[in-house]
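The values are calculated or read from the model by the stated rules, or taken from the named source; none is laboratory data. Please read all numbers here as calculations on a predicted model, not as lab measurements. Here Cβ is always computed from backbone atoms with ideal geometry, including for glycine, and neighbour counts include all displayed protein chains.
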Amino acid sequence: MSKNVIIVGAGIGGLATALRLVKSGYKVKILEKNSQAGGRLNRISRDGFSFDTGPSFFSMSYEFENFAKDCRIRIPFKYSPLEPLYTVNIINNAKTFFIYKNVRKLSEQFNDIEPNFEIKMMKYLNKTEKVFNDTVDLVIKRNFDSIFSYLISLMQVNPIHLPLLLKSFWKEVTNNFSSREARQIISLVAFF
Ligand SMILES: Cc1cc2nc3c(=O)[nH]c(=O)nc-3n(C[C@H](O)[C@H](O)[C@H](O)COP(=O)(O)OP(=O)(O)OC[C@H]3O[C@@H](n4cnc5c(N)ncnc54)[C@H](O)[C@@H]3O)c2cc1C
């Protein structure tokens, strides 16, 4: 006999979980308090105008591929990488920065405001890549029922990252970059 599951919330998390469970043989009911599904991933349309209420960046496409594989479905759209990913307009100095994945092209825009941007950026990316890889399974993708279980997991993270875990993100960014523009732009990327 298949088990019944109730999922509270039809955001993308609830919907994805529901489909995974249905494909594994569970009977799923979703309860949603709003009149339409989607949660924060939604749109408000009025007077011919439409506004995204939340996500606009499509990142970590491998998560979607894993999801489709788990659910044995085909992703019903194609995605192509963007280059530049997006632009940042700094109002005070009326400058537009193009956020390229190509670090050399990205760096060229900082020539006159951030000395050695490319070297600093590569150092920063290498460090943050290591932190991501060392925490993604241990901390990021796990669910914690108590602060205690969260702290236990943090204690298993490679101690080399401890100084980073104990400071604010802005502090880390300001240690790596000196110009206001670079600091603002890099800290925005970190949000993702
Ligand atoms: C402004 C903004 C920009 C973002 N930009 C990006 C982006 O560019 N890229 C990206 O990947 N992510 C982005 N995100 C994050 C992304 O939107 C969320 O991580 C994702 O939508 C969360 O999905 P969720 O299902 O976990 O939660 P939610 O979308 O919050 O869904 C929760 C659902 O549960 C329902 N609910 C809650 N309580 C109850 C209850 N008691 N009974 C019944 N229903 C209930 C809610 O109505 C809602 O539908 C952004 C978020 C915001 C706010």
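For every residue, the table says whether it meets (1) of a type in the set (D, E); (2) within 26 Å of M60 (Cα to Cα).
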site: I160; (1), (2): no, yes
site: E172; (1), (2): yes, yes
site: N175; (1), (2): no, no
site: Q184; (1), (2): no, yes
site: V189; (1), (2): no, yes
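How many residues does segment 53-79 hold that are free of Cβ contacts under 8 Å to residues at least 12 places away in the same chain and among the acidic types (D, E)? Of the residues in that region, 2 qualify.
Under the condition of being assigned to a loop (DSSP other than H, G, I, E, B), more than 19 Å from G14 (Cβ to Cβ) and more than 7 Å from the ligand (Cβ to nearest atom), the residues counted in segment 59-74 number 2. Of all residues in segment 88-108, those that are part of a loop (DSSP other than H, G, I, E, B) and farther than 17 Å from S187 by Cβ total 5.
Selection of first residues in segment 35-52 that are more than 16 Å from V8 (Cα to Cα) and among the β-branched types (V, I, T) and of second residues that are more than 11 Å from the ligand (Cβ to nearest atom) and in a strand (DSSP E or B), restricted to Cβ pairs under 8 Å at least 6 apart or on distinct chains, gives the following pairs, ordered by first then second residue: I44/S50.
Conditions (1) part of a helix (DSSP H, G or I); (2) of a type outside the set (A, V, I, L, M, F, W, C); (3) exposed (fewer than 12 other Cβ atoms within 10 Å of the Cβ), marked per residue:
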{"position": "V131", "(1), (2), (3)": "yes, no, no"}
{"position": "V139", "(1), (2), (3)": "yes, no, no"}
{"position": "Y150", "(1), (2), (3)": "yes, yes, no"}
{"position": "L154", "(1), (2), (3)": "yes, no, no"}
{"position": "K171", "(1), (2), (3)": "yes, yes, yes"}
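So that you can scan it fast, the table gives a plain yes or no per residue for (1) at pLDDT 95 or above; (2) surrounded by 11 or more Cβ atoms within 10 Å (Cβ to Cβ); (3) among the aromatic types (F, W, Y):
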| site | (1), (2), (3) |
| --- | --- |
| E32 | yes, yes, no |
| Y62 | no, no, yes |
| P76 | no, no, no |
| Y79 | no, no, yes |
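Determine, yes or no, whether R72 is farther than 23 Å from R142 by Cβ and touching a strand residue (DSSP E or B) at 6+ places or on another chain (Cβ under 8 Å). No, not satisfied.
Based on what the data block shows, is G14 away from the ligand (no atom under 11 Å from the Cβ), within 19 Å of I73 (Cα to Cα) and out of contact with any Cys (no Cβ under 7 Å at 6 or more places or on another chain)? No, not satisfied.
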